[in-house]
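In what follows, a single structure is set out as structure tokens and then discussed.
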């Protein structure tokens, strides 16, 4: 049994714009969730302390997760929701 629900169909320019918007959201989500911990690593190495958490890393991760959720909903993909 598959959990995949077909995405809505669009025609012409609207289809290209919708697909492009969805792809931009997915790429932004992937980049944010992949690189969000880089500021924390830099801070920990520079300060030689891991006690404090970086607000920018946490915000980047949270933003990336929200973008992945929007992407999953947009393509109707159950595993991403």
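The values are calculated or read from the model by the stated rules, or taken from the named source; none is laboratory data. Because the structure is predicted, anything quoted here is derived from the model rather than measured. Every residue, glycine as well, gets a Cβ built from its backbone with ideal geometry; the counts of neighbours run over all protein chains shown.
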_I need the full set of residues from the stretch 46-69 which are assigned to a helix (DSSP H, G or I), at pLDDT 80 or above and surrounded by fewer than 17 Cβ atoms within 10 Å (Cβ to Cβ), in order please._
46, 47, 56, 59, 62, 63, 65, 66, 69
_Based on this model, can you work out whether residue 38 counts as at pLDDT 80 or above, on the phi < 0 side of the Ramachandran plot and exposed (fewer than 14 other Cβ atoms within 10 Å of the Cβ)?_
yes
